[in-house]
Each structure stands twice: as C-alpha cells, then as structure tokens.
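Q: Here you go, one structure.
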Amino acid sequence: EAPSMAADDEALVHLAQSRADSSGHLLLTFVTAAYDELCENFLAHVHRLPLTNYLLVTFDAVQQARLRSRGEQPHFRSLPALTSGGSDEFASRDFFLINSARYAVLVKLLRSGVHVFALDVDAALLRDPFPLVERMPFEL
C-alpha cells in the first residue's frame, strides 16, 4: 500500500533537510529509469566535487532500486504508470504527470525552508553553484 500524500511529503521534507548542508542548501534533480545513464553521469560529477547536499527524486520503482543498489538515498514519488517512461513528448500524459509532480516537490521543499537549486539530470556540475548564487546582488 502506498503511503498517504501527507506521509510522503513528510518523508520528502525529512530526507531533504537531512541531505541539505548546514545552511539548508540542496541540489535537487529528478530522474526516471529512461534517463539512468544521464543520472550516472550527474552522480559522477556530484561525487567528484565532492558534494553531499543533493537529492534525487525518482518517479519509478525500477530507478529507485537502481539508485539504492548504488548506495544512493533517493526519494520515491509514486505516480500512475508512465506510458513513455518520461516527459519528452510535450503535452503528453507523462509530460503533465512528471512536471506536476516536480512542481509539487519543489513547492513542498521551498515551503519547508530548504534552499533548493533545481537542475536537470543532464547538467554537468563543474563546481558547487551555491557560493556563486549567494554572491549575486539580487533575490532569486
């Protein structure tokens, strides 16, 4: 039986707060099994830096199992079965399912006080982005 939305949100916030750095900064990305190779590359960059203040959110049990087998601590957000495996087809059912779930996660984390830097799983980090963001002369 799937946890209630409230219990899932509570688990998400707890995990995010435990993964964030001492200032509450958290890198956040989303991944499905269709993008596992990109996820491996993303993790290689994160581990090389080395950064520990990141959270992977996945929408399918296959990817959750893969990530756990690699020693990662993903958050699993259950969705109805995806028909294409991702959100590549604009305005498709999967596009709306995944993007609405992403926004729900972002809103929940921001409202909980976590300082989120969200990025796509195909981004390559060359350094920790938070020092640069903090130096900017404006509110983001």
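Q: Could I get the Rg over Rh figure for segment 30-82? Both from C-alpha atoms, Rh via Kirkwood, rounded to two places.
A: Answer for segment 30-82: 0.96.
Q: What 222 nm value per residue comes from the helices of the chain, counting each DSSP H run with n ≥ 4 as -39,500 (n - 2.57) and dividing by all residues, nearest 500 deg cm²/dmol?
A: -14000 deg cm²/dmol
Q: How much of the accessible area of the chain, probe 1.4 Å, is carbon plus sulfur, in whole percent?
A: 56 percent
Q: For the chain, list log₁₀ I(q)/I(0) at each q in 0.16, 0.21 Å⁻¹, using the Debye formula over Cα point scatterers of equal strength and ignoring solvent, two decimals each.
A: The Debye formula, applied to the Cα set alone, gives -0.86, -1.45.
Q: Mind listing which chymotrypsin sites (Phe, Trp or Tyr not before Pro) in segment 73-140 are in a DSSP loop and have 16 or fewer other Cβ atoms within 10 Å?
A: Phe90, Phe138
Q: Roughly how many Å² is the accessible area per residue of the chain, as a whole number, for a 1.4 Å probe?
A: On a per-residue basis, the chain sits at 58 Å².
Q: Report relative contact order for segment 33-80 in percent, whole number only (criteria: Cα-Cα under 8 Å, sequence separation at least 6).
A: Once normalised by length, the contact order is 35 percent.
Q: Turning to a different aspect of this structure: So for segment 67-110, what percent of the C-alpha to C-alpha distances run longer than 15 Å?
A: For segment 67-110, the fraction of Cα-Cα distances above 15 Å is 53 percent.
Q: Taking the Cβ-Cβ separation of Phe95 and Leu132 as r and a Förster radius of 35 Å, what is the calculated FRET efficiency to the nearest 0.05?
A: The pair Phe95/Leu132 has a calculated efficiency of 0.70.
Q: When only Cα pairs under 8 Å and 6 or more residues apart are kept, what is the percent relative contact order across segment 1-59?
A: This gives 43 percent for segment 1-59.
Q: What residue among Glu40, Glu89, Glu72 has the largest mean-square fluctuation in a Gaussian network model of the chain, using Cα springs under 10 Å?
A: Glu89
The values are calculated or read from the model by the stated rules, or taken from the named source; none is laboratory data. Please read these numbers as outputs of a predicted model, since none were measured by experiment. Cβ coordinates were reconstructed from backbone atoms using ideal geometry, including for glycine residues, and neighbour counts include every protein chain displayed. The area values use the complete protein model at the heavy-atom level, side chains included, leaving out ligands, DNA and RNA. Shrake-Rupley method; radii C 1.70, N 1.55, O 1.52, S 1.80 Å.
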